[in-house]
1. Only one of LEU160, LEU107 is open to solvent by 90 Å² or more (accessible area, probe 1.4 Å), modelled with pLDDT of 85 or more and over 25 Å from GLY55 (Cβ atoms); which?
2. Based on what the data block shows, is VAL89 surrounded by 21 or more Cβ atoms within 10 Å (Cβ to Cβ) and either in a helix (DSSP H, G or I) or of a type in the set (D, E, K, R) (or both)?
3. Among the residues of the range 1-28, how many are more than 18 Å from the chain's Cα centre (by Cα) and more than 16 Å from LEU58 (Cβ to Cβ)?
4. Given (1) of a type in the set (Gly, Ala, Ser); (2) assigned to a loop (DSSP other than H, G, I, E, B); (3) free of Cβ contacts under 8 Å to residues at least 24 places away in the same chain, identify the lone condition not met by ALA32.
5. Somewhere in the range 108-116, is a residue under 23 Å from LEU94 (Cβ atoms), in contact with a helix residue (DSSP H, G or I) (Cβ under 7 Å, 6 or more places away or on another chain) and without any contact (Cβ under 8 Å) to a residue 24 or more places away in the chain?
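The values are calculated or read from the model by the stated rules, or taken from the named source; none is laboratory data. Quick caveat, the model's predicted, so the values are computed rather than measured. We place every Cβ from the backbone using ideal geometry, glycine too, and count neighbours over all the protein chains shown. Accessible surface is based on the protein model in full, side chains and every heavy atom, while ligands, DNA and RNA are left aside. Shrake-Rupley method; radii C 1.70, N 1.55, O 1.52, S 1.80 Å.
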Amino acid sequence: LLLLRAQFRIVRGEIWLATALVMMLGVIVTLATYDPTTTSLLPFTVLAPVMAAVGVALLYDSDIRQMFELEDTTPASARLLLLARLTLVFGFNLLTGIAGSVVLALLQSDLSLWPLILSWLAPMTFLSAFAFFLSVVTTDAFFGIVVGLFVWGGHVLMQLFPHLDNFSFALSLPGLIAAENRPVLFAVAL
């Protein structure tokens with residue numbers, strides 16, 4: 001807990017504010033546009049994975065790597081410090097996502113809390129891990145963010161066209177929101 005508290009100050013402050021504002025905006029847009037007769041993705045379930053992936057990808061880039069030289073003198077390993085930051089950012093996204101889901105479930109009687117949470121949790125976990133992995137491997141947070149946004153944006157965009165040929169359907173990565181693939185997404189994220 002002391003390590004998490006210490007790392008809280010290291011994480012860029014913009015991440016906290018941006019996440020809270022975008023999640024709040026997602027709740028408002030979802031409430032304003034919700035139509036129980038459609039089966040399209042809710043704006044909130046589209047935004048939650050994106051915000052987590054962007055925040056997590058920003059944890060490891062060239063600016064942060066320079067700080068690792070200072071952290072080499074601490075008793076905690078660099079991996080443990082990075083894991084603490086990852087826990088903080090993902091945890092904050094998780095809490096704001098749950099709070100937004102609770103608000104939506106309370107204000108829209110057609111939305112059930114647990115299915116709503118599950119609809120964004122597995123994609124959020126997978127995209128966060130994927131963006132973080134890419135930013136660590138390439139040492140470029142921007143690359144992790146762009147690829148994560150491209151994968152999720154392509155998926156969301158392709159969902160707007162239900163009658164796709166087999167190749168386009170495969171490109172849309174339909175498993176990102178499929179309920180039967182949630183265990184696979186969680187496993188891949190780990």
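1. Result: LEU107 is the single residue among LEU160, LEU107 that is open to solvent by 90 Å² or more (accessible area, probe 1.4 Å), modelled with pLDDT of 85 or more and over 25 Å from GLY55 (Cβ atoms).
2. Yes; evaluated as a whole, the condition is true for this residue.
3. 7
4. Evaluating ALA32 over (1) of a type in the set (Gly, Ala, Ser); (2) assigned to a loop (DSSP other than H, G, I, E, B); (3) free of Cβ contacts under 8 Å to residues at least 24 places away in the same chain leaves (2) as the failure.
5. yes
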